[in-house]
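To start, the structure itself, in structure tokens.
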Amino acid sequence: MGTRRVRRPHPRGLARIDQPSTRTHGWFVRVGYYRRRDGSYRARHTKFFGDATYGGKRKGQRAAEAFVAKVLRADAKRKRSSRAKRRRSSS
């Protein structure tokens with residue numbers, strides 16, 4: 001019986017793009033949605049991690065996941081500091 005590889009689910013905001021017609025292969029990240037003035041939503045952070053640039057499918061995925069984690073940490077820090085500023089100003 002052969003070994004079976006366990007597939008990890010993609011983290012939220014990470015999408016795989018394989019488009020042979022344009023030779024586009026990689027991971028596309030969209031994180032931190034916000035509401036625009038016209039009522040639509042838009043991703044605050046977007047970035048493409050190409051397989052060729054990052055040395056393969058798995059390395060590109062790891063780089064994309066690291067980017068998502070970095071952005072989420074920065075957003076959490078930004079939210080904490082804005083809450084603290086509001087608390088200080090209301091006192």
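The values are calculated or read from the model by the stated rules, or taken from the named source; none is laboratory data. Small disclaimer: the values here were computed from a predicted structure and weren't measured. For neighbour counting, all protein chains shown are included, and Cβ atoms are generated from backbone atoms with ideal geometry for every residue, glycine included.
Structure summary
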item: Residue match in segment 29-52 (condition: polar (S, T, N, Q), farther than 17 Å from D75 by Cα, out of contact with any Asp or Glu (no Cβ under 8 Å at 6 or more places or on another chain) and assigned to a helix (DSSP H, G or I)); result: no
item: Residue match in segment 82-89 (condition: at pLDDT below 85 and touching a Gly at 6+ places or on another chain (Cβ under 7 Å)); result: no
item: Residues of segment 1-28 that turn out to be touching an Asp or Glu at 6+ places or on another chain (Cβ under 9 Å) and of a type in the set (A, V, I, L, M, F, W, C), as a count; result: 2
item: Residue within segment 7-24 that is of a type in the set (V, I, T) and surrounded by 13 or more Cβ atoms within 10 Å (Cβ to Cβ) present; result: yes
item: In segment 25-56, residue nearest to R5 (Cα to Cα) [restricted to those that are charged (D, E, K, R) and surrounded by 15 or more Cβ atoms within 10 Å (Cβ to Cβ)]; result: D51
item: Segment 1-21 - residue that is part of a loop (DSSP other than H, G, I, E, B) and touching a helix residue (DSSP H, G or I) at 6+ places or on another chain (Cβ under 7 Å) and, of those, modelled with the lowest pLDDT; result: P11
